[in-house]
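Throughout, read-outs are computed from the coordinates displayed, never taken from laboratory work. Treat the numbers as computed from the prediction; the structure is a model and nothing was measured. When we count neighbours, we look across all protein chains shown, and the Cβ atoms used for this are built from the backbone with ideal geometry, even at glycine.
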Amino acid sequence: MLTVHHLNNSRSQRILWLLEELGADYEIKRYERDPVTNRAPLELKTIHPLGKSPVITDGDKTIAETGAIVEYLLETYGEGRFVPDKNSEEYEIYRHFLHYAEGSAMFPFLLAIYTAYLGDAAAPLNPIIMAEIKAQLDYMEYQLIRNEYIAGDELSGADFMVIFPLEAAKARGRLLGYDACLDYVDKLHKRPAYLTALEKGGDYAFGPDS
């Protein structure tokens, strides 16, 4: 049985969304963040040594890292959906954004979160971090002005990845002036499969009501 080890308020929410879009059979095993530290529970380390979410188990397979999970689910359950033809130019754009989301896009947002704990000590880093956040948002805005979705005019696996950094940016008020990014997030939030996944996933601070 395919199982999503789902941590509340985490990136695993987008895995639930993908599975709902695919109409796949799966079950959810829920984990709750520590109310004081906001960290994942140690119980997750029994599933994967890193103790992070998302992680899925499918039979005897255990797969961690969101991008790897998205690729596995599309290859195993996708039946060709949400992946451009591998011989097309669109496929290279798709592959880029599939990995861009957790690489270039998320890095400055994470730095902003972590350095916030440093208070005034983070002041020398803040201009660099803010400039990098702007660079990433400018890049995604440019892409979304030209295309219906992040990798082209069709929903693809890349959208299930890119949605999270943009949701996080929106929740922190960083999408002001980025109209294409805002329209994109709102459009994806209205998809029936997204809303069903939200109902199943529970507590999620970055959804339509954030």
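The table for this structure:
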read-out: Hits in the range 1-40 - residues which are in a loop (DSSP other than H, G, I, E, B), more than 14 Å from the chain's Cα centre (by Cα) and within 19 Å of LEU195 (Cα to Cα); value: GLY23, ALA24, ASP25, TYR26
read-out: Selected residue (criterion: nearest to ILE15 (Cα to Cα)) from residues of the range 33-67 that are free of Cβ contacts under 8 Å to residues at least 40 places away in the same chain and of a type in the set (Val, Ile, Thr); value: ILE63
read-out: Residues within the range 190-207 that are within 16 Å of ASP159 (Cα to Cα) and in contact with a Leu (Cβ under 8 Å, 6 or more places away or on another chain), tallied; value: 3
read-out: When residues of the range 80-94 are limited to those that are surrounded by 11 or more Cβ atoms within 10 Å (Cβ to Cβ) and without any contact (Cβ under 8 Å) to a residue 40 or more places away in the chain, the one farthest from THR3 (Cα to Cα); value: SER88
read-out: Test set (1) under 18 Å from the mean Cα position of the chain (by Cα); (2) in a loop (DSSP other than H, G, I, E, B) - ILE56 fails condition number; value: (2)
read-out: Among the candidates LEU18, LEU44, LEU50, residue that is closer than 14 Å to LYS200 by Cβ and among the hydrophobic types (A, V, I, L, M, F, W, C); value: LEU18
read-out: Members of the range 61-78 found to be under 14 Å from ASP159 (Cβ atoms) and not in a helix (DSSP H, G or I), listed by number; value: GLY78
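Results for (1) closer than 18 Å to GLY103 by Cα; (2) free of Cβ contacts under 8 Å to residues at least 60 places away in the same chain; (3) touching a Ser or Thr at 6+ places or on another chain (Cβ under 7 Å), shown as yes or no for each residue.
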site	(1), (2), (3)
ASN147	no, yes, no
LEU155	no, no, no
GLU167	yes, yes, no
ASP203	no, no, no
